[in-house]
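This report refers to the structure that appears directly beneath it.
Every number here is computed from the coordinates shown, using simple stated rules; none is lab data. It should be emphasised that the depicted structure is a prediction, and the values quoted were computed from it without experimental measurement. Counting neighbours? That spans all protein chains shown, and the Cβs are built from the backbone with ideal geometry, glycine included.
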Amino acid sequence: MAAPSTCGTERQRLVAVAAEGVASGAPLNVGSKLLQGWLKDSGVPLELIGVIPQLAALPYGFKFLWAPLLDRWPIAWPDRRRGWILTLQLVLVGVLALLAVIAARSGALGSGGLQLATVLALLLAAASATQDIVVDAYRTDLLPEQERGQGAATHNFGYRTGMLLVSSGGFLLASRFGWGAAFAGCAALMLAVVPFTLKAPALAPVEHPVTSLRQAVVGPAREFLRRTGPNTAPWLLLLVLLYRWPDGLLQALSISFLKDAGFSDAQIGLLDGGWAIAATMAGTVLGGVLFARLGMNRCMWLFAIVGAAGNLGYAALASFGGGLPGLMAAVSLENISSGMVGAGFVALLMSLCNPRFSATQYALLSGVYAFSRTLLALPSGWLAARLGWGDYFLATALAALPAFVLMAWLVPWGGDGCRGAFDAERDAT
């Protein structure tokens, strides 16, 4: 893996990171929140709503399996990373356009329509997960070491902005023009990122390219295991899996809850869009300030506590009501905490990657995390149907406890860095 490129100015690099963050975050919310809202309005049972988006999103958890292929066979134009990014963004535009056509033509979904929607959601997730692999590698290759902290926050801001633009614009379009227009608007958003991809700074040629599939597959895993140790590596992966589990459980059914609570698509879109974007901006800025002052370890603990508090906001809304003011408070707390948690989590994953193998190692770690919002969220609909909304959201907050147990050993409060993190001054290859 080549050292990070210094092509372009700092501003150009950060604009590129933010734009690709939007492209990564938007499809995720299409496959979770927007798909969830469409299924709910189409009469699909709650138990299936809790399963279908999570099953369709499984490619996010397995993307490390094909990440080495992208290192081994890059698309050369515009450069080895943006060639794949551009191709995948055009694929995503096409899949979203197909979803728009199906949603515009269907009312209540029959079994055939439900199967087709599930297949398209799976294709959307596969293309989006593959795009994430290359976007993460492009960011790591592009940014000099001194810009990676700011780059992580910028990426998280773009990522969350993409997610929230889909939530806001999608539900507003659905409320006024129907679900076909909502998916068409998301296709237009993805298409709008393409010029940024074409104009983004180019990467310098790699000095030691991957020359065999074996090298692409074996090297990253061997280095990670050797650096962290066979007794530590499984626990690090378990921490990555469980750290954001509460967020995955919340996102799995948040839209279904808001609809059951009587909020309209327009209300959901306005509050989960513009208001939430402002809250995410505040959370990202606050997270960056705290990260610079407190360091990674203390922030990992603090952000996990704040993240669980975001789930408790929904528990309070479900148990005590509060109307629009209550919804505003819950959405604000959720997105402030998500902005903080997201910035800290990206920094954690980058610290665990050797720059020589960043594409595959980052894909492995983020793929493990993806299981927390897919496989570990599969029982969400079943639990909510039996516990009720208030107790369900309380249980999602308690899901943060296993991560705290792991952090006590791997990321102790008074420590300086995560156990097994890459030391830039040590050649661990």
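Restricting to lysine pairs 8 or more places apart or on different chains, what number in the chain have Cα atoms under 27 Å apart? Mind dumping the intermediate values first?
Details: Lys33/Lys63; Lys33/Lys259; Lys40/Lys259; Lys63/Lys199.
Lysine pair count for the chain: 4.
Once the Cβ-Cβ distance between Ala309 and Ala202 is put in as r, and R0 is 45 Å, what FRET efficiency do you end up with, to the nearest 0.05? The partial results should precede the final answer.
On the way: r = 43 Å, r/R0 = 0.95.
For R0 = 45 Å, the calculated efficiency reads 0.60.
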Worksheet item: For the pair Arg226 and Asp391, how long in nm is the line joining their label points, each one 7 Å along Cα→Cβ?
Response: 5.2 nm
Discussion item. What are the ³J(HN,Hα) couplings of segment 362-372, residue after residue, when phi is run through the Karplus curve with 6.51, -1.76, 1.60 and θ = phi - 60°? Round to Hz, x for glycine and proline.
Written reply: 5, 5, 4, 5, 5, x, 4, 4, 4, 5, 5
Worksheet entry | Of (i) 137; (ii) 126; (iii) 147, the label for volume of the Cα convex hull per residue in Å³ derived from the coordinates | (ii)
Response to the item:
Whole-Å distance linking the alpha carbon centroid of segment 25-48 with that of segment 359-397 is 15 Å
Response to the item:
Two pseudo-spin positions, 7 Å from Cα along C-beta at Asp260 and at Arg214, lie apart in nanometres by 5.4 nm
Item to complete: Between Met281 and Trp73, with labels modelled 7 Å along Cα→Cβ, what's the label distance in nm to one decimal, could you check?
Response: 4.4 nm
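What Kirkwood Rh does segment 307-416 have if only Cα atoms enter the pairwise 1/r average? Answer in Å. It would help to have the intermediate numbers written out before the result.
Working: mean 1/r = 0.0625 Å⁻¹.
Computed over Cα pairs of segment 307-416, the Kirkwood hydrodynamic radius comes out at 16.0 Å.
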Item to complete: Would you calculate, for the chain, the mean residue ellipticity at 222 nm contributed by helices, counting each DSSP H stretch of 4 or more residues as -39,500 (n - 2.57) and dividing by all residues, to the nearest 500?
Response: -24500 deg cm²/dmol
Worksheet item: Which whole-number percent of Cα pairs in segment 121-194 have a distance greater than 15 Å?
Response: 66 percent
Practice prompt. For segment 35-169, state what percent of all Cα-Cα pairs lands in each successive 10 Å bin, counting from 0 Å until the bin that includes the largest distance.
Written response: 11, 34, 34, 16, 5, 0
Practice prompt. Taking H placed 1.01 Å from N in the peptide plane, check which residues at least 5 places from Leu143 or on another chain put their amide H under 5 Å from its amide H.
Written response: Ser5
Response to the item:
With Rg from the Cα atoms and Rh as the Kirkwood inverse mean 1/r over Cα pairs, segment 220-263 has an Rg/Rh of 1.37
Response to the item:
Output row, site Leu238, 7 Å Cα→C-beta label point, backbone N cut-off 19 Å, window segment 378-402, residues 398-402
Fill in: Hz values of 3J(HN,Hα) by residue in segment 245-257 - Karplus curve (6.51, -1.76, 1.60), Gly and Pro given as x
4, x, 5, x, 5, 5, 5, 4, 9, 4, 5, 4, 5
Worksheet item: Does anyone have the angle between helix 148-177 and the longest principal axis of the chain? Alpha-carbon axes, 0 to 90°, nearest 10?
Response: 20 degrees
Item to complete: Compute the acute angle (0 to 90°) between the alpha-carbon long axis of helix 276-320 and the principal axis of greatest extent of the alpha-carbon atoms of the chain; round to the nearest 10°.
Response: 20 degrees
